[in-house]
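A.B. asks: Quick one: this structure, given as structure tokens, is what I'll be asking you about.
The values are calculated or read from the model by the stated rules, or taken from the named source; none is laboratory data. Everything numeric in this text was worked out from a predicted model, so none of it was measured. Note that each Cβ is placed from the backbone with ideal geometry, even for glycine, and that neighbours are counted across all protein chains shown. Side chains included, ligands, DNA and RNA excluded: accessible areas come from the protein's heavy atoms. Shrake-Rupley method; radii C 1.70, N 1.55, O 1.52, S 1.80 Å.
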Amino acid sequence: MEVIVPDQIIMGLILNAGDAKQHIYQALHHAKQGRFAESENEMALADTALLEAHNLQTQFLAQEAGGTKADITALFVHSQDHLMTSITEINLVKELIELRKELAS
């Protein structure tokens, strides 16, 4: 029996991935201004939001592994795309911030 992916998982993925991306770009902004303590704080917030999104994704995967199949909607695919691009951008921005730290020292 197929069930629809719960809307709260889909929206949670989108919202948390978006929050993570917002925080990492705020971290980059602080780093560009030489405010590395603020940058570190925003990176921690990005990591927290990303972890929450990842936990939601894991919850969905665990349900499927347990035999609960879900219809894969366009919105669910969008949420996965949003999460994966956020992960990629966060990794890249963290490298840019590290480079700015090296250049500042």
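A.B. asks: Rounding to the nearest 20 debye, state how big the charge dipole of the chain is about its Cα centre with +1 on each Lys and Arg Cβ and -1 on each Asp and Glu Cβ.
C.D. replies: That gives the chain a dipole magnitude of about 280 debye.
A.B. asks: ³J(HN,Hα) across the stretch 26-36 via Karplus (A = 6.51, B = -1.76, C = 1.60, θ = phi - 60°), whole Hz, x for Gly/Pro?
C.D. replies: Per residue, the Karplus-derived 3J(HN,Hα) values read 5, 4, 5, 4, 4, 4, 4, 8, x, 9, 6 Hz.
A.B. asks: Place a +1 charge on the Cβ of each Lys and Arg in the stretch 6-61 and a -1 charge on the Cβ of each Asp and Glu, then give the dipole magnitude about the Cα centre in debye, rounded to the nearest 20.
C.D. replies: That gives a dipole near 180 debye.
A.B. asks: Scan around Arg35 for amide H atoms under 5 Å from its own, H built in the peptide plane at 1.01 Å from N, and keep only partners 5 or more places away or cross-chain.
C.D. replies: Close amide H contacts, sequence-distant or interchain: none at all.
A.B. asks: Where does each of 52-61, 28-37 land if you order them by average Cβ count within 10 Å, highest first?
C.D. replies: Numbers: 52-61: 16.4, 28-37: 14.9.
By packing density, highest mean first, the sequence is 52-61, 28-37.
A.B. asks: Order Glu98, Glu42, most accessible first, counting only protein heavy atoms with a 1.4 angstrom probe. Before the final figure, lay out the partial values.
C.D. replies: Details: Glu98 80, Glu42 30 Å².
These residues rank, largest area first, as Glu98, Glu42.
A.B. asks: Same structure, new question: Would you please calculate the Kirkwood hydrodynamic radius of the chain over all C-alpha pairs and express it in Å, rounded to one decimal?
C.D. replies: For the chain, the Kirkwood estimate is 14.6 Å.
A.B. asks: What is the count of Lys pairs in the chain whose alpha carbons sit under 26 Å apart, if the two are 8 or more places apart or on different chains?
C.D. replies: On the way: Lys21/Lys32; Lys21/Lys94; Lys21/Lys101; Lys32/Lys94; Lys32/Lys101.
For the chain, qualifying lysine pairs total 5.
A.B. asks: Per-residue counts of other Cβ atoms within 10 Å, averaged by peptide: what ranking do you get for 71-78, 89-96, 14-21, highest first?
C.D. replies: Numbers: 71-78: 12.2, 89-96: 15.4, 14-21: 21.2.
Listed from highest to lowest mean packing, they are 14-21, 89-96, 71-78.
A.B. asks: Taking amide H atoms as placed 1.01 Å from N in the peptide plane, list the residues 5 or more away in sequence, or in a different chain, whose amide H sits under 5 Å from that of Ala70.
C.D. replies: For Ala70, the qualifying residues are Val3.
A.B. asks: Run the quick spin-label model on Tyr25 and Ala74: label points 7 Å from Cα toward the beta carbon, then report their separation in nm to one decimal.
C.D. replies: So the two model labels end up 2.4 nm from each other.
A.B. asks: If one computes the Cα centroid of the stretch 6-30 and of the stretch 33-66, what distance in Å separates the two points?
C.D. replies: Using only Cα atoms to place each centre, the spacing works out to 8 Å.
A.B. asks: Continuing with the same structure: For the chain, calculate the relative contact order in percent as a whole number, restricting contacts to Cα pairs under 8 Å that are 6 or more residues apart.
C.D. replies: Relative contact order comes out at 44 percent.
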